[in-house]
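Report on one structure; see the data block that follows.
The values are calculated or read from the model by the stated rules, or taken from the named source; none is laboratory data. Quantities reported herein were computed from a predicted structural model and do not represent experimental measurements. Cβ atoms come from the backbone with ideal geometry, glycine included; neighbour counts cover every protein chain shown.
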Amino acid sequence: MLHSWNSRFKQLLLKPESANKNPALSLFKELKRRNVFKIAIAYIVMAWLVIQVADVILSNITAPDWVFHVLLLFLVIGFPFAVIIAWAFERTPEGVRLTQPEDLDRSVPGSRWQTGVVVLVSVVLVATIVVWWFLAGSKSADPGISDRTIAVLPFHTLSSDKANAFTEGIHLDVMTRLSNVSGLHVISRTSVKAAESSEKTLPEIADALGASWVLRAEVQEVGSDVQINARLVNAKNDRQVWAQNYRRTLSANNVFDIQSELSLAIIEALNTHLTPLEKARVDQKPTISLEAYGLHALGRSELDKRDEKGMRAAVRYFEQAIELDPGYVLAWVGLADAHSLLYDYLIDHRESVLLRAGEAVHRALELDPLSAEAHASLGLFEYAQHDVPNSILALTNAVELMPNYADAQSWLAWVQQLVGNSAAGLQSAKRGVAVNPLSGEATSNLTLSFLATGNYEKALSQSRANQAVIPSWPTEKFYEGLALYHMGRYSEVQDLLEDVTVDWTDSGAESLLALSFIASGNETAARDVLARFEKTGDAFSIALVYLALGDTNRAFTYFEQVERWSSWPTLAMRYFFPGMLGPLEMNTRYQEFFEKMNEEWNM
């Protein structure tokens with residue numbers, strides 16, 4: 001019996017040849033004769049078609065990603081079986097039967113068919129590896145696992161418009177939870193809101209944001225319940241890799257539980273590890289009041305506008321949220337930020353405004369000493385009262401606690417430039433743009449950093465790129481003018497700045513226009529510009545023009561009239577006009593100005 005089986009097996013696996021023939025060549029011919037290659041190629045092609053069709057269908061029905069992977073596994077497992085069946089069976093007029101070896105020569109030594117079996121098994125294994133690579137390549141493994149940059153696009157409301165504030169609150173809170181995870185790189189809310197408002201496709205939006213992953217979700221109130229439908233998309237190939245629906249009775253605890261579960265699911269999907277502190281932050285319940293939660297979201301949305309109307313509206317929303325929940329840390333942070341910005345933007349420069357900012361930020365820190373947002377708010381407050389060393393300390397603490405906090409990175413870059421640390425400011429500015437690429441504030445700080453480090457070509461390129469994305473940001477025109485001025489392109493400065501005013505620089509744009517006329521030899525035009533702002537402009541800008549005209553005594557008279565060394569004269573003294581100011585460094589009167597400037601910033 002055993003001898004009979006062995007003979008039959010030899011017939012199935014071996015095409016005998018004469019002893020002087022090459023066994024490997026004989027096996028190749030036998031594989032070809034039995035159509036093994038044709039079957040293997042046909043299997044790969046059909047499997048690839050199945051993958052493409054399944055990809056479309058599964059994406060449309062929002063099936064979880066594991067369904068696709070199971071299908072892929074079955075296709076790969078089936079490949080060696082297809083090859084073996086092709087070898088063992090053939091189709092004849094009499095039907096399917098075991099393949100008969102051609103010209104069977106039973107005198108071939110046993111070692112020959114054993115070698116054939118080994119070669120065949122090796123071929124099957126190698127071919128299986130090849131087909132795995134081929135099929136997996138049609139749906140490549142998520143490249144974002146090595147690049148965990150994620151954009152959480154604004155969530156959509158599927159119920160009434162009055163729920164928009166609630167939805168925005170959920171969006172903001174999910175972003176905050178993910179931002180606490182050091183292993184993730186979370187794009188700022190300002191940028192994702194700007195990108196979402198465009199008509200670009202999802203891959204185009206992700207490309208503009210520099211994101212490899214996109215989280216989308218819809219929020220719907222269904223009777224007394226709330227439902228959130230979330231899905232994670234691989235931005236490189238616009239394919240959903242994870243989806244989940246959450247439904248709970250509408251309450252603060254349940255909403256925050258959903259957000260925690262959602263955030264943890266995203267963290268797990270991206271193979272990210274959590275520290276105990278990060279886990280606690282992800283699980284945190286920020287407030288006991290859903291109404292306060294919505295008010296805080298409205299306040300943040302208004303504050304992002306960075307204008308007087310938005311700031312004052314933000315103050316009202318944050319105050320209402322605090323009335324509903326006095327322990328709401330982020331509402332206190334928002335209130336502090338709104339007051340600090342009102343004061344710093346010179347919209348309301350009363351000391352009482354700054355005092356209110358200080359009270360709010362210290363209350364936030366009392367409630368949560370490890371709140372990154374509170375430390376960043378403290379940094380903004382310290383900057384507003386011109387205490388830059390303590391501002392840098394607070395902002396550094398904030399970015400250590402939450403590296404993804406875009407405002408903290410941006411503010412830190414700005415303050416580092418003010419103290420003269422241009423290299424550190426450049427690094428912080430780059431990180432700020434990485435998490436908030438469509439923010440006028442963040443991108444302008446990067447342009448400023450290039451100017452401060454003397455890289456005028458990059459400053460010019462960055463400024464023009466920023467204006468293409470955010471044309472309404474006037475600071476960029478001023479920065480472009482500074483870059484052109486230092487590059488000796490004075491006529492371009494004159495065309496650019498003829499009608500430009502940048503509020504935070506007072507008469508900075510006008511003085512730069514006059515300086516360009518002087519540098520190009522048109523002193524008459526420079527004096528015409530000077531006459532327009534000499535009586536109403538700031539003393540520092542007027543002093544610069546007189547200095548460029550060669551009237552040093554009058555320039556020093558105006559330097560002495562500078563009452564407050566704000567951001568513009570400080571930056572100008574440190575970086576922008578070394579050709580004019582450098583020769584004055586040994587002048588005693590100039591040294592007094594410089595010392596007064598440092599003292600005002602508590603340096």
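The figures follow:
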item: Meets criteria (among the acidic types (Asp, Glu) and touching a residue at least 24 places away in the same chain (Cβ under 8 Å)) for Glu492; result: no
item: Number of the condition not met by Ala423 [criteria: (1) over 20 Å from Ala360 (Cα atoms); (2) in contact with a Phe, Trp or Tyr (Cβ under 9 Å, 6 or more places away or on another chain)]; result: (2)
item: Set Leu418, Leu367, Leu330, Leu412: member being closer than 21 Å to Val186 by Cβ and in contact (Cβ under 8 Å) with a residue 40 or more places away in the chain; result: Leu330
item: Residue within the range 154-168 that is assigned to a loop (DSSP other than H, G, I, E, B), at pLDDT below 85, of a type outside the set (Ser, Thr, Tyr) and within 17 Å of Val214 (Cβ to Cβ) present; result: no
item: The range 545-563 - residue that is under 46 Å from the mean Cα position of the chain (by Cα) and in contact (Cβ under 8 Å) with a residue 24 or more places away in the chain and, of those, surrounded by the fewest Cβ atoms within 10 Å (Cβ to Cβ); result: Glu563
